[in-house]
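The values are calculated or read from the model by the stated rules, or taken from the named source; none is laboratory data. Keep in mind it's a predicted model, so treat the numbers as computed, not measured. Using ideal geometry, Cβ is built from the backbone for each residue, glycine included, and neighbour counts are taken over all protein chains shown. Keep in mind that these areas ignore ligands, DNA and RNA; they rest on the heavy atoms of the full protein, side chains included. Shrake-Rupley method; radii C 1.70, N 1.55, O 1.52, S 1.80 Å.
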Amino acid sequence: MFDLTNKVIVITGGTGLLGPKHAEAVAEFGAIPVLWDLDAKKAEEMAARIAKEYGVDAVGAAVDITQEDQIEQAKEGLLQRFGKIDGLINNAANNPKVSAEGQVQGSTRLEQLGLEQWNQDMAVGITGAFLCVKHLGPTISQNPEGGSIINIASDLGLIAPDQRLYRKEGVPEEEQPVKPVTYSVVKTGLIGLTRYVATYWAEKRVRCNAICPGGVYAGQDENFVQKVTKLIPLGRMARQDEYKGLIVFLASEASSYMNGAVLSIDGGRSVW
Ligand SMILES: NC(=O)c1ccc[n+]([C@@H]2O[C@H](COP(=O)([O-])OP(=O)(O)OC[C@H]3O[C@@H](n4cnc5c(N)ncnc54)[C@H](O)[C@@H]3O)[C@@H](O)[C@H]2O)c1
């Protein structure tokens, strides 16, 4: 049911924190993960590691998903090499993280958010996902058995960021760090893309689902971790490998009747 032998699955943002985990997850069940990210060397090295560790073929390539010609070219390369593409995981995004020092990288208050940052965040998170679907969707739909598209949204596609989590003592109100508005808009937008795509190639057996993960623990500032943990019924942030099961489920025939779903996987944060 979970078998993914020789399924060619493209993962955007493939060399970040979670991209390699998605790739490992599908590789463990026999798929050929294709890691697209900005840095060619990193992507190639990551693919080589996964190929060796899981005994599968794997591809790593520099593909900037905001550039349509790069997506088209990379797709042609995959078709020449494998003759098909079976899945797409839209995972790349500008993801403003809390550092060990408690800074929110890329934090910009709404009043100060420039059009340039807005456009850049949309370009990666929304336009990039659209372009990947535009170019890979038709190819996936040509498989007799269709395929699976997974959009990585966020718990912040379901609920608003609780800006109290990011507050810093002694910082004036108008300079308090925040999760930028673009994150909420991108993640909610991906849910719209999911519903649209779920119906678009449904007759050709292309399923599309969104997952809404909660925050992963990655050495963030202790004060932040304590505060966010209180908002999560399970009482902890996610481990880096805790989304693997859902990825395999959605990529495989185990979820053959699941289409257009928006699945929260957040320790219960969005129900509290
Ligand atoms: N880490 C979390 O706690 C968490 C929680 C919920 C949702 N998410 C979502 O999961 C996804 C992955 O998160 P992450 O923590 O691995 O983020 P990350 O920042 O570590 O990785 C994102 C990757 O996307 C790549 N990228 C950026 N612009 C690109 C472009 N134009 N073309 C191709 N690649 C590009 C980056 O180089 C980076 O490797 C994101 O969509 C994020 O919003 C993450």
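A compact table of results
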item: Filter result (among the hydrophobic types (A, V, I, L, M, F, W, C) and either more than 21 Å from residue 252 (Cβ to Cβ) or open to solvent by 10 Å² or more (accessible area, probe 1.4 Å) (or both)) within the range 198-211; result: 201, 202
item: Enumeration of residues in the range 58-73 that are under 15 Å from residue 14 (Cβ atoms) and either without any contact (Cβ under 8 Å) to a residue 40 or more places away in the chain or surrounded by fewer than 19 Cβ atoms within 10 Å (Cβ to Cβ) (or both); result: 58, 59, 61, 62, 64, 70
item: Enumerated helices (runs of 4 or more DSSP H) restricted to the range 1-94, each holding at least 3 residues that are over 28 Å from residue 183 (Cα atoms) and more than 16 Å from the ligand (Cβ to nearest atom); result: 40-54, 68-82
item: Residue 88 vs. criteria surrounded by fewer than 19 Cβ atoms within 10 Å (Cβ to Cβ) and touching a residue at least 40 places away in the same chain (Cβ under 8 Å); result: no
item: Close pairs from the range 127-139: first closer than 15 Å to residue 89 by Cβ, partner crowded, with 20+ Cβ neighbours inside 10 Å and small (Gly, Ala, Ser), Cβ under 7 Å, at least 6 apart; result: 128/92
item: Condition check for residue 214: in contact with a strand residue (DSSP E or B) (Cβ under 8 Å, 6 or more places away or on another chain) and open to solvent by 20 Å² or more (accessible area, probe 1.4 Å); result: no
item: Selection count where residues are over 16 Å from residue 160 (Cβ atoms) and either touching a strand residue (DSSP E or B) at 6+ places or on another chain (Cβ under 6 Å) or open to solvent by less than 70 Å² (accessible area, probe 1.4 Å) (or both), scope the range 172-189; result: 1
item: Residues of the range 184-218 classified as assigned to a helix (DSSP H, G or I) and within 16 Å of the ligand (Cβ to nearest atom), total; result: 11
item: Residue check, residue 195 in contact with an Asp or Glu (Cβ under 7 Å, 6 or more places away or on another chain), open to solvent by 70 Å² or more (accessible area, probe 1.4 Å) and touching a residue at least 60 places away in the same chain (Cβ under 8 Å); result: no
item: Positions within the range 95-105 being open to solvent by less than 50 Å² (accessible area, probe 1.4 Å), among the aliphatic types (A, V, I, L, M) and more than 12 Å from the ligand (Cβ to nearest atom), in sequence order; result: 104
item: Single match in 53, 76, 28, 45 (criterion: of a type in the set (Asp, Glu), open to solvent by 50 Å² or more (accessible area, probe 1.4 Å) and within 25 Å of residue 141 (Cβ to Cβ)); result: 76
item: Every residue from the range 222-272 that is open to solvent by 50 Å² or more (accessible area, probe 1.4 Å), part of a loop (DSSP other than H, G, I, E, B) and charged (D, E, K, R); result: 230, 236, 239, 241, 242
